[in-house]
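The values are calculated or read from the model by the stated rules, or taken from the named source; none is laboratory data. Quick caveat: nothing in here was measured; it's all calculated off a predicted structure. All Cβ positions, even for glycine, are placed from backbone atoms using ideal geometry, and neighbour counts span all protein chains on display. Accessible surface areas use protein heavy atoms only, side chains included; no ligands, DNA or RNA. Shrake-Rupley method; radii C 1.70, N 1.55, O 1.52, S 1.80 Å.
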Amino acid sequence: MVSAVVMRGVTKTFPGVVANDHVDFSAETGEIHGLLGENGAGKTVLMSILYGLYRFDEGAIIIDGEEVEVDSPSTAMRLGIGMVHQHFMLVPSLTVAENIILGREPIKNGVFLDTERMLRDVGEFCDKYRLDVDLEAPVHTLSVGVQQRVEILKALYRGADVLILDEPTAVLTPQEVDELFKAIRALREEGKTVIFISHKLREVLAICDRVTVLKKGRVVGTVDASETDQGRLAEMMVGREVVYTFDKDYCEAGEPVLVVEGLEALDDRNLQALRGVELEVCASEILGIAGVEGNGQTELIETLMGLRKPTAGKILLNDSEITTLPPGERIRAGISHVPEDRHKRGIVSDFSVMENLILGSHRNTEFTQWGQVLDLAKASSYSDKLIEDYSIDTPSKKTLARNLSGGNQQRLVVAREFSREPKLIIAAQPTRGLDVGATEYVRRKLLEMRDQGCAVLLLSADLDEIWAISDRIAVIYEGRIVATRDPKETSEQELGLLMAGGRDD
Amino acid sequence: MVKAVFVQILAILLAFVTGAIVLSLTGYSPTLAYSAMYRGAFGNMYSIGQTLAKATPITFTALAFLFAFKSGLFNIGAEGQLIIGAMASAVVGISFNGLPAPAHIALALLAGAVAGGLWGFIPAFLRAKYGAHEVITTMMLSYVAIYLTSYMVNYPLKAPGWVAQTVPIPESARLPRILSPSQLSASLYLVVLLVVLTEYVLRRTVLGFELRATGLNPDAAENAGINVNRGMILALVISGAIAGLGGSGEILGVHRRFIDGFSPGYGWDGLAVALVGGLNPVGAFFAAILFGALRSGGMVMTRVTGVPLDIVFLLQALVILFVAAPKMIRTLLKRSGLKWLGS
Amino acid sequence: MVGIIDIINVGLFAAALRMATPIAYASLGGIFSERVGVMNIGLEGMMLLSAFTGVAVTYYTANPWLGVLGAVLVGGLMGFFHALLTVKFSGDQVVSGAGINLFAMGFTAYMSQVLWGSRGASESVSGLKPISIPILKDLPVIGPILGTHTPLVYIMLLTVVLSYILLFRTPLGLRIRAVGEHPTAADTAGIDVHRVKYICVTLSGMFAGLGGAFMSLGHLSLFTYGMTGGRGFIAMAAMIFGKWMPVGAFGASLLFGFSDALQMRLQSLGLLPPQIILTIPYVLTVAVLSGVVGRAKAPSDYKPYEKG
């Protein structure tokens, strides 16, 4: 029997990086095939090549026994390959049905969009795969889980026999994950091939028939899911035994540094995002906030930083109220912030490393003369010290930040924020997109800051991260802190349930 | 850096080649036209003076555009700010008769800067407060400035006679001339000073640092405690003030009175010159000399060869279009086999 | 003495419709361009070039309809060029648009002197003749307002409706909206994003071309220096005021056309100096953009789309 998909010797380089290095990969018809690897291992690039988004430098793609040229997503679709991206590819203002038929619209009278046929066809399709959605709802009104269902329908409607799912569970609650897994298994029953990209061992073992592990752009091996376990997969993935528990010393928490009372705020669409957040972070303590993305984390961070106006509530830093202070004064009051999206808020890509390192402290008397002129000599020696202390790998301090790797950009942000002698650090997704080494580095630094007496508020979508370094864990759900737990006295199941809005009792 | 300059120069050359084609197709000799233009621009001290005189207001508007651009804003209304500044200087020049010369000149310049700054403040405020896109509002306000000043010189401030202009400003408010009898005035010194100052403010001061951060990534700037709205307003006010000063220079140094329609589109030239100059103040100054040469040389060319002066504006537009898309020039270079330059 | 009441008559409304026509055409052009994420401040220049082309072609062929055709083709060509610069070569949209405006100004003034020896105005040509719509022209009130116009006015009304249908009732319209709002989604759905952008921006220039043709052939029957007088920019305001919807933009164009017609009449009364009245459309435009009359959000951000 011929394999549904074979990729042979695929190599793809980007300037400075080999994303895929002679990768061999194959998936059989009717199997769920896991593609496992760390962030940056080359999983998404490999599948983007299969889907025609990138062109390989060398290699071959064989679909159903025939070598093919996949030069665009349309070609991929014609060949029966569909992909559901991590960031959904749905047009927010269009309806579910319009999104599904986009690009292959039914036509009536030669030129018009055949709306009736559109609804009928898509409706039949939903019934066939037992995926229930309101076809006439604009996509932006739907929950993330439902949007993902629309994405899957979209791929199936385009005749996908091979369905690539790129980290599909990252944005889902544990309960939604169960729903998704049911749907994936149903697809297998229909004879579809599913390629499941993930870096989560447990999920891969739970859903996949076989698993291919990638590391730094190369294939480590392909194994049957039934013949392996988490430990062995983890070893393949990172090349050494993974430390599951991060050994950290206990540290006596001090006085409360940050106190948040009844905080409410609206999101960008003017909907209630925070509904009365109550929080307390003490000196020498890491408070981890666990939660599925989109439950008010972004708004909470922005409100704490002064980037968003609260509609009610109070924020206190060391007993003095900062609720209405602008961001600059909060920084001077001792708040540091590692933003969740470093490209958006963390760095100015077209500024040099040095300029980025003094950004935010640039008004300090340390770096200015007469208050208005930058003291470049001092900024320069300060930068040298930070580059050294935080091992930022850069050709020079004059290099533009955009030319650094993701890990080094994050080091840059961490260096800047941690060197301000902060009283409170707000760290949001501080290790997203970093490799193991960089991740460990950032986590160690956070612990170091805590040991020095800093209060740390850690927000992460990655439960393992919260677990690894938090002294206390709070769960945020729909704009409220629904529970606070001691990591030693809770379980992943309990937290999962709380994150999904389960009752706290 | 060398490559960037090369691409700019190539864009200019391409514009001249295209212009030559237009000239030939319409029955004129490009060689005759261009050589007349060159002589008219640099042939003797008088023509050099005229070229620099034309380059001066364009440098002002280029600096105005550049200052806003570095702060992430498109100020394409320098024309209006220049005209309003000019009017304010004229009014101060006429009304404060009897002041000693240095004070009178300083006051008139200040009035121009303040008026131009105010004309920049309006779109800045509307952008910060209501999100009104400054590209459109600055442009619209240019038209308002043109009609408003036209009203003033046609009614309340009209000097006796047929021409829509004010009475001349007194000697005490006049900027001294350089290279007489050309129209070059001390406004040139002012603009050279501003070139240096702009470079310094953007590169070395806290304000410049904050404005550049805002221009490159407003979200990160905000997160770093920079007041983005304040920066935006300040940038456009300064930008408007620079353009306003340019208008002052024209009135106090060149025309010595406000004449309706005295600006032949210096505002738009500023945009072009800032871009051709590679978006840095010194480059803008050199690009302004090129554009000034086109204008002063163009007049001589028209007188000598009869080629319509508008070929000059056509050339300027072509330079902008070629500079607008450096990627296009690079692609052309690649196709023509000059691979190393195209990379 | 003639009072304000006397100038508000059916003639004023008929004039308002005429004044609204070029603005409406250009604002439709703006909609198609902006809906795929390309800001087009070059509408002004595209109109001007087309107005010139219309007269030039008519001058040599004595057929105003060939002039209209030429105007539309030149408008489309400029639109295509704008797309080439901004979509393919990721040039800045404002700079490209400004360049097109300056090019139009210089080129038309230069050619005007080459062809007719005058920078100010062309020779007169035989423009488009007004037509009367039977039945409609005999209705009271509506007849004098709508009954007799040059065909380009009626074509404009038709174009508004067709634009609506194209955007919201056809597959291409669905693709246009998808490309503007989420180009990556459109790309992964197999839509050629750049092609859709080229089509729309070219179309944008063709609409501006119709607006220009109306000005020189439907209104004056000659070309004058800078005759578009900022209408391309006012059209952008109409587009924003109309929330990027064809019918909305048409409504806004009518409003601006009305103010234009009104100012001309007020001017003839000598109540206010003409210069002050001439600022009205621009002040109104700034007011509209500042959300004095409802906030408006663009349907897309103005970024070039680069395939991953």
| task | Hand me the list of helices (runs of 4 or more DSSP H) wholly inside the range B:245-342 holding 1 or more residues that are within 13 Å of chain C (Cβ to nearest Cβ) and modelled with pLDDT of 90 or more. | result | B:266-276, B:281-305, B:310-324
| task | Give the residues of the range A:139-168 that are farther than 15 Å from A:ILE32 by Cα, open to solvent by less than 30 Å² (accessible area, probe 1.4 Å) and not aliphatic (A, V, I, L, M), sorted by residue number. | result | A:GLY145, A:GLN148, A:GLU151, A:LYS154, A:ARG158
| request: Give just the number: which of (1) part of a strand (DSSP E or B); (2) closer than 26 Å to A:ALA170 by Cα; (3) small (Gly, Ala, Ser); (4) in contact with a helix residue (DSSP H, G or I) (Cβ under 9 Å, 6 or more places away or on another chain) does A:ALA41 not satisfy? | output: (1)
| field | Residue identified as touching a strand residue (DSSP E or B) at 6+ places or on another chain (Cβ under 7 Å) and hydroxyl-bearing (Ser, Thr, Tyr) among C:THR184, C:THR170, C:THR202 | value | C:THR170
| request: Check off (1) modelled with pLDDT of 90 or more; (2) within 27 Å of A:THR169 (Cβ to Cβ) for A:ASP114 and give me the number that stays unchecked. | output: (2)
| request: Residue by residue through the range B:222-239, note down the ones that are open to solvent by less than 40 Å² (accessible area, probe 1.4 Å) and either of a type in the set (D, E, K, R) or closer than 12 Å to B:LEU207 by Cα (or both). | output: B:ILE226, B:VAL228, B:GLY231, B:MET232, B:ALA235
| request: Please find, within the range B:293-310, the residue that is farthest from B:SER239 (Cα to Cα) out of those that are buried (at least 20 other Cβ atoms within 10 Å of the Cβ) and touching a residue at least 40 places away in the same chain (Cβ under 8 Å). | output: B:VAL307
| Taking into account only those residues within the range A:86-104 that are open to solvent by 20 Å² or more (accessible area, probe 1.4 Å) and in contact with an Asp or Glu (Cβ under 8 Å, 6 or more places away or on another chain), which is nearest to the other protein chains (Cβ to nearest Cβ)? | A:MET89
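Per-residue answers, yes or no, for (1) assigned to a helix (DSSP H, G or I); (2) of a type in the set (A, V, I, L, M, F, W, C):
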{"residue": "A:GLN86", "(1), (2)": "no, no"}
{"residue": "A:SER93", "(1), (2)": "no, no"}
{"residue": "A:ILE100", "(1), (2)": "yes, yes"}
{"residue": "A:ARG104", "(1), (2)": "no, no"}
{"residue": "A:CYS126", "(1), (2)": "yes, yes"}
{"residue": "A:LEU131", "(1), (2)": "no, yes"}
{"residue": "A:GLU136", "(1), (2)": "no, no"}
{"residue": "A:GLN147", "(1), (2)": "yes, no"}
{"residue": "A:GLU151", "(1), (2)": "yes, no"}
| Hits in the range B:129-148 (condition: modelled with pLDDT under 90, in a helix (DSSP H, G or I) and more than 7 Å from chain C (Cβ to nearest Cβ)) | B:LYS129, B:GLU134
| field | Identity of the residue in the range C:182-199, among the β-branched types (Val, Ile, Thr) and within 7 Å of chain A (Cβ to nearest Cβ), that ends up farthest from A:VAL139 (Cα to Cα) | value | C:ILE191
| task | Among the residues of the range A:189-221, write down those that are part of a helix (DSSP H, G or I) and surrounded by fewer than 16 Cβ atoms within 10 Å (Cβ to Cβ). | result | A:GLU189, A:ARG202, A:ALA206
| task | Keeping to the range B:18-59, report how many residues are part of a helix (DSSP H, G or I) and within 14 Å of chain C (Cβ to nearest Cβ). | result | 11
| said: Being in contact (Cβ under 8 Å) with a residue 12 or more places away in the chain and at the interface with chain B (Cβ under 7 Å from one of its Cβ atoms) is the filter here; which residues of the range A:334-344 pass it? | reply: A:HIS337, A:PRO339
| query | Out of all the residues in the range A:331-370, which are in a loop (DSSP other than H, G, I, E, B), of a type in the set (Ser, Thr, Tyr) and under 15 Å from A:ASN403 (Cα atoms)? | reply | A:SER349
| If a residue has to be touching an Asp or Glu at 6+ places or on another chain (Cβ under 8 Å), facing chain C (nearest Cβ under 7 Å) and surrounded by 15 or more Cβ atoms within 10 Å (Cβ to Cβ) to count, how many in the range A:106-120 make the cut? | 1
| request: Check whether at least one residue in the range A:332-346 is modelled with pLDDT under 95, on the phi < 0 side of the Ramachandran plot and touching a Phe, Trp or Tyr at 6+ places or on another chain (Cβ under 7 Å), and report yes or no. | output: no
| query | Where residues in the range B:181-209 are within 8 Å of another protein chain (Cβ to nearest Cβ) and open to solvent by 10 Å² or more (accessible area, probe 1.4 Å), which of them is nearest to B:ALA68 (Cα to Cα)? | reply | B:LEU207
| request: Return yes or no: is C:VAL57 assigned to a helix (DSSP H, G or I), more than 11 Å from every other protein chain (Cβ to nearest Cβ), open to solvent by 30 Å² or more (accessible area, probe 1.4 Å) and touching a helix residue (DSSP H, G or I) at 6+ places or on another chain (Cβ under 6 Å)? | output: yes
| What number of residues within the range B:262-292 are open to solvent by less than 10 Å² (accessible area, probe 1.4 Å) and over 14 Å from the mean Cα position of the chain (by Cα)? | 0
| message | If I filter the range A:398-428 down to residues being in contact with a strand residue (DSSP E or B) (Cβ under 7 Å, 6 or more places away or on another chain) and over 28 Å from A:ALA333 (Cβ atoms), which single residue comes out as surrounded by the fewest Cβ atoms within 10 Å (Cβ to Cβ)? | response | A:LYS398
| remark: Flagged in the range A:317-361 as aliphatic (A, V, I, L, M) and within 17 Å of A:LEU424 (Cβ to Cβ), in numbering order, are A:LEU317, A:ILE322, A:LEU325, A:ILE331, A:ALA333, A:ILE335, A:VAL338
| task | Would you point out the residue of the range C:84-139, among those that are in contact with an Asp or Glu (Cβ under 6 Å, 6 or more places away or on another chain) and open to solvent by 10 Å² or more (accessible area, probe 1.4 Å), that is farthest from the other protein chains (Cβ to nearest Cβ)? | result | C:TRP116
| field | Residues being open to solvent by 10 Å² or more (accessible area, probe 1.4 Å), over 17 Å from A:VAL162 (Cα atoms) and of a type in the set (Gly, Ala, Ser) - total across the range A:20-41 | value | 1
| field | Yes/no for C:GLY76 being more than 7 Å from chain B (Cβ to nearest Cβ) and either open to solvent by less than 10 Å² (accessible area, probe 1.4 Å) or in a helix (DSSP H, G or I) (or both) | value | yes
| request: Determine if the range C:10-20 includes at least one residue that is open to solvent by 10 Å² or more (accessible area, probe 1.4 Å), more than 14 Å from chain B (Cβ to nearest Cβ) and in a loop (DSSP other than H, G, I, E, B). | output: no
| said: Condition first: hydroxyl-bearing (Ser, Thr, Tyr), open to solvent by 30 Å² or more (accessible area, probe 1.4 Å), more than 11 Å from chain B (Cβ to nearest Cβ) and assigned to a helix (DSSP H, G or I). Can you find one or more residues in the range A:297-317 that meet it? | reply: yes
